[in-house]
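Below you'll find the structure, written out as structure tokens, and then a few comments.
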Amino acid sequence: MHNEITLNPEKNWSLDEMAKLSGYSVGRFSELYKEYFGLSPINSVIYERIEMAKRLLLSGQASVLSVSEACGFSTVNYFSKCFKNITGCSPTAYRYSK
């Protein structure tokens, strides 16, 4: 399951879908996932999306909006908030700091 998220972080993952793919109930899946990976399944998706965004921001001139959409975020504001929480800087600052 973790591999699926890593390979397709932009997909609109739901906890129900992840649990179904694993064959466990939502509660049991969440418990096992967090125990094994150290993150909740949803936080894992967000982390992988931010990793994808970092690569996209450094690889070209795509706008922050385009990057947020390509990574599966519902709004650019939510993307920016998640990005800053994980990296400590805004997506624009990250692009120009590297």
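Laid out as a table, the results:
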{"read-out": "Any chance Gly27 is open to solvent by less than 70 Å² (accessible area, probe 1.4 Å) and more than 20 Å from Lys98 (Cα to Cα)", "value": "yes"}
{"read-out": "The stretch 8-23, subset farther than 24 Å from Thr75 by Cβ and out of contact with any Asp or Glu (no Cβ under 9 Å at 6 or more places or on another chain), residue surrounded by the fewest Cβ atoms within 10 Å (Cβ to Cβ)", "value": "Gly23"}
{"read-out": "Residue match in the stretch 61-81 (condition: touching a residue at least 40 places away in the same chain (Cβ under 8 Å) and in a helix (DSSP H, G or I))", "value": "yes"}
{"read-out": "Conditions (1) open to solvent by 50 Å² or more (accessible area, probe 1.4 Å); (2) at pLDDT 95 or above; number of the one not met by Met1", "value": "(2)"}
{"read-out": "Members of the stretch 31-48 found to be hydroxyl-bearing (Ser, Thr, Tyr) and closer than 23 Å to Tyr78 by Cα, listed by number", "value": "Ser40, Ser44, Tyr47"}
{"read-out": "Selected residue (criterion: farthest from the chain's Cα centre (by Cα)) from residues of the stretch 37-58 that are surrounded by fewer than 17 Cβ atoms within 10 Å (Cβ to Cβ) and without any contact (Cβ under 8 Å) to a residue 24 or more places away in the chain", "value": "Gly38"}
{"read-out": "Breaking point among (1) part of a helix (DSSP H, G or I); (2) farther than 15 Å from Trp13 by Cα; (3) open to solvent by less than 50 Å² (accessible area, probe 1.4 Å), for Cys89", "value": "(1)"}
{"read-out": "Residues located in the stretch 3-49, provided they are part of a helix (DSSP H, G or I) and in contact with a Cys (Cβ under 6 Å, 6 or more places away or on another chain)", "value": "Ile46, Arg49"}
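The values are calculated or read from the model by the stated rules, or taken from the named source; none is laboratory data. None of the values given here were measured: they were computed from a predicted structure. Every residue, glycine as well, gets a Cβ built from its backbone with ideal geometry; the counts of neighbours run over all protein chains shown. Accessible surface areas use protein heavy atoms only, side chains included; no ligands, DNA or RNA. Shrake-Rupley method; radii C 1.70, N 1.55, O 1.52, S 1.80 Å.
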